[in-house]
Amino acid sequence: MTLVLIAMIGALLIPMIEALRDDDIWQRMLAFASIATKTSVMILVIALLQDDRMMALVGVIILSVGNAALMLLAQIIRRVNDVMEG
Amino acid sequence: MVNFLSYTCIVVGLVFWYWGTWPLLGQRSVLYKLHGLSVADTLGSMAIIVGLLLRIPQEWPLLVLALISLAIWNTVLGYVLAYCSTEDRGYDG
């Protein structure tokens, strides 16, 4: 399972590179959405391998709340763009 | 046998992760990347969680909750990002 976790960390690095490199806000939002999902699934995997139920529950909560926060952020960015263009 | 199936699901999930995340580094449009990413992240993560379910069946309530929240939240996040990032939208404020 260590190899699986190393591969997961590798998959996590790709959106991080994209977030660092790109200046467009929506490309960055894509990268952050991907990072959020991947990190919460990794928390879930590590927690269950360690047999730690509470940490696994945190992973599931982050999965829901993290994506909800990104949705609100996307709406705010859209409205700010409208005001700037308007 | 169950261990083999579990590892297969996890590896399939990882392949989905890499397949959906790799185009992020390219120069394609936001919507193109978003489509590949939301499909791959959702299905890949669900395959990994099914792999975990096979390995640790007694944690099924938590893992089923994770599957449901993944299916709902990731899909809706993909829709909201697509809706917010497209230029020609009426301001329904």
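Would you point out the residue of the stretch A:1-22, among those that are under 15 Å from the mean Cα position of the chain (by Cα) and open to solvent by 60 Å² or more (accessible area, probe 1.4 Å), that is nearest to the other protein chains (Cβ to nearest Cβ)?
Quick first cut of the stretch A:1-22, residues under 15 Å from the mean Cα position of the chain (by Cα) only: A:8-20.
Filter once more, keeping what is open to solvent by 60 Å² or more (accessible area, probe 1.4 Å): A:9, A:13, A:16-17, A:20.
Details: A:I9: 11, A:L13: 9, A:M16: 10, A:I17: 7, A:L20: 11 Å.
The selected residue is A:I17.
Within the stretch B:18-30, restricting attention to residues that are out of contact with any Leu (no Cβ under 9 Å at 6 or more places or on another chain) and in a helix (DSSP H, G or I), the residue that is farthest from the other protein chains (Cβ to nearest Cβ) is B:W19. In the stretch A:54-67, the residue that is farthest from B:E59 (Cα to Cα) out of those that are at the interface with chain B (Cβ under 7 Å from one of its Cβ atoms) and open to solvent by 10 Å² or more (accessible area, probe 1.4 Å) is A:S64. Restricting the stretch A:23-36 to residues that are facing chain B (nearest Cβ under 9 Å) and either farther than 20 Å from B:R28 by Cβ or acidic (D, E) (or both), the residue that is most open to solvent (accessible area, probe 1.4 Å) is A:D24.
Of A:L70, A:L20, A:L48, all but one fail to be part of a helix (DSSP H, G or I), under 28 Å from B:F4 (Cα atoms) and not acidic (D, E); the exception is A:L48.
For the stretch B:19-40, the tally of residues that are out of contact with any Gly (no Cβ under 6 Å at 6 or more places or on another chain), within 21 Å of A:V4 (Cα to Cα) and in contact (Cβ under 8 Å) with a residue 12 or more places away in the chain stands at 3.
The values are calculated or read from the model by the stated rules, or taken from the named source; none is laboratory data. If you're wondering where the values come from, they're calculated on a predicted model, not measured in any experiment. Every residue, glycine among them, receives a Cβ derived from its backbone with ideal geometry; neighbour counts consider all protein chains shown. These area figures cover heavy atoms from the full protein model, side chains too; ligands, DNA and RNA do not enter into them. Shrake-Rupley method; radii C 1.70, N 1.55, O 1.52, S 1.80 Å.
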